[in-house]
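Below is one structure, written out as structure tokens; the observations come after it.
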Amino acid sequence: MKKFVRLLFAGLLTAIVLVLLLVLTPIKSSNVVVFRSLQDKQSIYTFTNHQTKSHPIIIELRKFPFPYKAMLAISSDADHETLRKFNLIHEFLNTTQMTPMGRGVGLDIADSFFMYNGSDLHAFVDDHHTPIGKEFTYFKGVGDTRYGAKIIDAYIHDGWLDSMHTYGDFNMKNHAQTRFTRKLAVQAIQALQAAHDKVTVWIDHGNQSNVDNFGSYGFSRFYNYQKGALPHSPYYHTDLLIPYGIKFVWTDRNSSVFGHQSMIYPVKLPDGREVWGFWRYTNGRERRPGVIRWLWSVDDLARQLSPKHLRAIIAHHQYAILAQHFCADNTVLPLPQNARDRLRLLAREYHDGKILVARTSRLLKYNVTERFLHYSVAHKNNQRIIHISAVRDPVFGTFTPTIDDLRGITFYTPDPDNTIIEIGNTPIAPKFIQKNSDDGIASSVSIKWYKPDTANYSLTQPGVW
Ligand SMILES: [Zn+2]
């Protein structure tokens, strides 16, 4: 029995020495290659178990850009947008200037726009009973006369607008009627292309008169009105819209889930095309089935951005996209005080390096890259070389990423000074690289996120309300 214990002890000792050797021996050969994709994520985590958690010797992707622990976007619908309200809101959101609503919070929050106004509702869209006819749109009504076009073009280029809230506001009193036609889609896309307006996000809008919606056709009977992707419908347009560049679609499906591990899911359209759908937080938990407690007006922003919600996405390393209607109120100052206070709280979390606040299009693009990035690691002499080969996007297809596709991508490495990131076999220029100290897990190296931009881009135009 004693002999057996001695043998067992010797065996254990040998195993410990072997494991120690494995951990401490530097990897010399250049053919040790670790592949990573969503599919082999599991195997890499198994491999990293051989290491002490605080000092991994292999390269691993950090979920969010350093130093952030979560990522959040606010996705606002253009309903009741007027240029007056829009400018006040975005001077407060995007700049750090003194504004009529107080010091700006300097966050990267973009908005959505309408190309047309095809609504017959008797609604007001601003103070002094401004009628809905003055809603901020690219063209006047459903015609071809330009209204806010120049300013919308500029805001798309400057980053204050990044989402189409469909082609326009087609809400009608009679839900069986619509002013949308395919001709309007053709004209809209031609105008956006001519102005080099690159928009990747589409947000379905409004009541059943908005037949150009398409994200949820076939999901339930309610969505039968969504005819935008039906090839035999007179309202068909996704054959134009998707090639134009729309990649992400909010499909008019509500959600009470605030934080997500990933915001995106593939959507197959009736015409065979595929796009990414994405989630938005639109409502509180349903108390009774079918009774939705919408939380997406500017008066609900304080509840959306609650300290509890923010703490949760930080703790769980999650994404969040909030649905909003920044222009919902027709008050002189469009953001209520409690909304401004919570935006200041969000700004603090951003400046403390906890939550990366990013415009919707940037968050979604990052989400795709982070999920489907494919790379290999080679060890040569003292250097670790990360070869980025592709983003294997299962919806739009595999592509070789550019710097802009890789913004924020961060790899844990024990030696940032001797870690090189290459796209294919070309090292990324040092001006795009950022070396990061230990965040509690390891040191890391990043491809820099976009530079903060707090410029005031607001414009006015005579005759545009
Ligand atoms: Zn809307």
Single residue of the stretch 343-360 satisfying the filter (of a type outside the set (A, V, I, L, M, F, W, C), more than 16 Å from the ligand (Cβ to nearest atom) and buried (at least 21 other Cβ atoms within 10 Å of the Cβ)) that is nearest to residue 110 (Cα to Cα): 359
Residue 391 being in the same structural domain as residue 92 (by TED's automatic domain parsing) and either touching a helix residue (DSSP H, G or I) at 6+ places or on another chain (Cβ under 6 Å) or touching a residue at least 60 places away in the same chain (Cβ under 8 Å) (or both): no
Test: residue 224 is of a type in the set (S, T, N, Q) and within 15 Å of the ligand (Cβ to nearest atom): no
Pairs where the first residue, in the stretch 75-96, is in contact (Cβ under 8 Å) with a residue 40 or more places away in the chain and under 16 Å from residue 347 (Cα atoms) and the second is more than 16 Å from the ligand (Cβ to nearest atom) and assigned to a helix (DSSP H, G or I), C-beta under 8 Å, 6+ apart: 92/340; 92/343; 93/343
Candidates 74, 58 - the one that is at pLDDT 95 or above and among the β-branched types (Val, Ile, Thr): 74
Of all residues in the stretch 143-192 being part of a loop (DSSP other than H, G, I, E, B) and crowded, with 24+ Cβ neighbours inside 10 Å, the one that is nearest to the ligand (Cβ to nearest atom): 165
Selection count where residues are out of contact with any Ser or Thr (no Cβ under 6 Å at 6 or more places or on another chain) and surrounded by fewer than 22 Cβ atoms within 10 Å (Cβ to Cβ), scope the stretch 323-334: 5
Residue 280 vs. criteria closer than 28 Å to residue 80 by Cα and exposed (fewer than 14 other Cβ atoms within 10 Å of the Cβ): no
Filter result for residue 292 (in a loop (DSSP other than H, G, I, E, B), more than 15 Å from the ligand (Cβ to nearest atom) and touching a strand residue (DSSP E or B) at 6+ places or on another chain (Cβ under 7 Å)): yes
Selected residue (only one of 83, 93 is closer than 14 Å to residue 358 by Cβ, assigned by TED's automatic domain parsing to the domain that holds residue 281 and out of contact with any strand residue (DSSP E or B) (no Cβ under 7 Å at 6 or more places or on another chain)): 93
Members of the stretch 234-268 found to be among the hydrophobic types (A, V, I, L, M, F, W, C) and assigned to a loop (DSSP other than H, G, I, E, B), listed by number: 246, 257, 258, 263
Breaking point among (1) surrounded by fewer than 20 Cβ atoms within 10 Å (Cβ to Cβ); (2) among the polar types (S, T, N, Q); (3) in a loop (DSSP other than H, G, I, E, B), for residue 210: (1)
Tally of residues being basic (Lys, Arg) and within 16 Å of the ligand (Cβ to nearest atom) across the stretch 68-95: 1
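The values are calculated or read from the model by the stated rules, or taken from the named source; none is laboratory data. All figures in this text were calculated on a predicted structure; none of them were measured in a lab. Counting neighbours? That spans all protein chains shown, and the Cβs are built from the backbone with ideal geometry, glycine included.
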